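So the structure is just underneath, and the comments pick up after that.
Each reported figure results from applying straightforward, stated rules to the coordinates on display, with no laboratory input. A quick note: this is a predicted structure, and the numbers were derived from the prediction, not measured. Note that each Cβ is placed from the backbone with ideal geometry, even for glycine, and that neighbours are counted across all protein chains shown.
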């Protein structure tokens, strides 16, 4: 299972928070302190996460007494796979997958010369990447409190998530 790191989770929380604020008032800014306080997150990590989001171009910063961050990108135009790449670097199910740039050539996998599942795992990694590519960031940040009809989950999976 691919595990999303905390910084990425905080980034998603901040983007969702900013999306909701923008729906109420498109000019309202958000501070790192506000996000940290609303969600009970550590301030320093939250501030670094917002800086990272700014560096990726997803949000913009405004300086001054009334400064803070605002959304600068249409979150419909970026998918979850791209977001994970921006926040965490290339993602894959296994370290030797092509999405892990340079790993195959670096000899980090001790089993590579004898590996019989490499192509299968590369295929799996590619399928997971395609799945994540099909989820728009806006689908996650615009979700209602309930959960996600937008994620096109199998009805059994949706039922398990809602219980």
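Residue-by-condition table, conditions (1) within 19 Å of the chain's Cα centre (by Cα); (2) surrounded by 15 or more Cβ atoms within 10 Å (Cβ to Cβ):
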site: 4; (1), (2): yes, yes
site: 13; (1), (2): yes, yes
site: 28; (1), (2): no, no
site: 39; (1), (2): yes, no
site: 51; (1), (2): yes, no
site: 73; (1), (2): yes, yes
site: 77; (1), (2): yes, no
site: 84; (1), (2): yes, yes
site: 92; (1), (2): yes, yes
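Is it true that residue 32 is exposed (fewer than 14 other Cβ atoms within 10 Å of the Cβ) and touching a residue at least 12 places away in the same chain (Cβ under 8 Å)? When the stated conditions are applied, residue 32 does not pass them. Within region 42-61, count every residue that is within 21 Å of residue 84 (Cα to Cα) and in contact with a helix residue (DSSP H, G or I) (Cβ under 6 Å, 6 or more places away or on another chain). The qualifying residues number 7.
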